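Peer 1: Supplied in C-alpha cells, the structure appears directly below.
The values are calculated or read from the model by the stated rules, or taken from the named source; none is laboratory data. Small disclaimer: the values here were computed from a predicted structure and weren't measured. All Cβ positions, glycine included, derive from the backbone under ideal geometry; neighbour counts span all protein chains shown. Quick note on the areas: whole protein, heavy atoms, side chains included, nothing else; ligands and nucleic acids left out. Shrake-Rupley method; radii C 1.70, N 1.55, O 1.52, S 1.80 Å.
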Amino acid sequence: AAVYVRDGLVWKTAIDDKIAERGVIVMDLHDAALSRAALVEPHLGSLLGPEFGKYEAYANAAWTGGLLIYVPRGVEIDRPIHIVTAQPAAGSFRAGRLLVIIESQASLTLIDEYGDGMDAGSDVSHASNLVELIVGPDGRLHYSAIQNWNRSTVSYFTQRARLAQDANLETVLTTVGAGTAKVDAGAVLVGKGAESNMFGLAIGDQEQHFDHHTEHLHE
C-alpha cells in the first residue's frame with residue numbers, strides 16, 4: 001500500500017486488493033474516527049495525549065491530517081506500506097498524526113517518509129507530527145521514519161509504541177533534512193517478553209541542528 005499526504009491532508013491512498021480483502025485498513029484518520037470509532041477511540045491519544053507535553057498538546061489541538069493503518073489478527077504483510085508526506089509550503093504550519101494498530105500475531109513493515117529536501121526559500125515552515133504504534137501480543141512491526149524536510153523547516157516529531165506480550169518492534173530513525181529537528185521516540189514495554197530495538201542515522205552539516213531523544217519504558 002502507498003499513501004501521499006500533502007498540505008496536511010491525505011490526498012491519495014492505494015492498497016493491494018489482496019491485503020484489503022484480508023481486512024487491512026489504510027485510510028484517512030478523520031474518516032476512520034467517524035466510521036470506525038470503536039477501533040480508533042481506545043488508541044488515539046492513548047500514548048501521545050495533550051498531557052504528554054506542550055508541543056504534543058499543540059499538535060493534538062491543531063492537527064489537520066492523519067492516517068490510520070490497521071492490520072488484523074494473524075495477517076502478515078510481506079511488502080512495505082509506504083507513506084510520503086510532502087514538504088509544507090513556505091511560511092506554513094502543518095500538524096499530522098499517524099495511528100498504527102497491529103493485532104496479535106500480525107506483522108508489518110512501514111516506511112514513513114517526510115519531505116523531499118527541496119529548497120523552498122527562506123520563509124520558515126513548521127512541521128509537527130505525532131506517531132502512535134500499538135503492537136498486540138506476538139505482533140511484529142518494523143517502523144522506518146525518514147525525515148528529509150528542506151532546510152527552511154523546523155520539525156518536531158514525537159513517536160511512541162506500546163508493546164504487548166512477546167511483541168517485537170524494530171525502529172529505524174533517519175534524519176538528513178530540516179534546519180532544526182527535534183525527535184522524541186520511544187517504546188512502552190507493557191507485556192512480558194516484549195522487545196524493542198532502535199537504530200538511527202543522522203547526517204547534518206553547516207548550521208543544521210538535530211536533537212534526538214529516545215527512551216524505553218519497562219512497565
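Peer 1: Checking the conditions here, which among SER152, SER125 is of a type in the set (S, T, N, Q) and either open to solvent by less than 10 Å² (accessible area, probe 1.4 Å) or modelled with pLDDT under 90 (or both)?
Peer 2: SER125 is the lone residue from the list that is of a type in the set (S, T, N, Q) and either open to solvent by less than 10 Å² (accessible area, probe 1.4 Å) or modelled with pLDDT under 90 (or both).
Peer 1: Could you pull out the residue among LEU110, LEU68, LEU48, LEU9 that is of a type outside the set (Asp, Glu), touching a Leu at 6+ places or on another chain (Cβ under 8 Å), within 28 Å of SER152 (Cα to Cα) and free of Cβ contacts under 8 Å to residues at least 60 places away in the same chain?
Peer 2: Details: LEU68 fails: within 28 Å of SER152 (Cα to Cα); LEU48 fails: free of Cβ contacts under 8 Å to residues at least 60 places away in the same chain; LEU9 fails: touching a Leu at 6+ places or on another chain (Cβ under 8 Å).
Being of a type outside the set (Asp, Glu), touching a Leu at 6+ places or on another chain (Cβ under 8 Å), within 28 Å of SER152 (Cα to Cα) and free of Cβ contacts under 8 Å to residues at least 60 places away in the same chain holds for just one of LEU110, LEU68, LEU48, LEU9, which is LEU110.
Peer 1: Quick one: what pairs do we get from the range 124-138, first residue in contact (Cβ under 8 Å) with a residue 12 or more places away in the chain, second outside any strand (DSSP E or B) and charged (D, E, K, R), C-beta under 8 Å, 6+ apart or different chains?
Peer 2: Listed pairs, sorted by first residue: LEU130/GLU56; GLY136/ARG73; GLY136/GLU103; PRO137/ASP166; ASP138/ASP166.
Peer 1: For VAL3, work out the one condition from (1) in contact with a Lys or Arg (Cβ under 9 Å, 6 or more places away or on another chain); (2) of a type outside the set (Phe, Trp, Tyr); (3) open to solvent by 30 Å² or more (accessible area, probe 1.4 Å); (4) in a strand (DSSP E or B) it doesn't fulfil.
Peer 2: (3)
Peer 1: Could you list all residues from the range 57-83 that are in a loop (DSSP other than H, G, I, E, B) and either open to solvent by less than 20 Å² (accessible area, probe 1.4 Å) or not acidic (Asp, Glu) (or both)?
Peer 2: Of the residues in the range 57-83, the ones in a loop (DSSP other than H, G, I, E, B) are 63-64, 72-75, 77-80.
Across the range 57-83, the qualifying residues are TRP63, THR64, PRO72, ARG73, GLY74, VAL75, ILE77, ARG79, PRO80.
Peer 1: Can you work out which of the residues in the range 167-192 that are assigned to a strand (DSSP E or B) and over 20 Å from LEU133 (Cα atoms) is least open to solvent (accessible area, probe 1.4 Å)? Lay out the reasoning, then the answer.
Peer 2: To start, the set of residues in the range 167-192 that are assigned to a strand (DSSP E or B) comprises 168-175, 180-189.
Subset that is over 20 Å from LEU133 (Cα atoms): 180-181.
On the way: THR180: 61, ALA181: 3 Å².
It comes out as ALA181.
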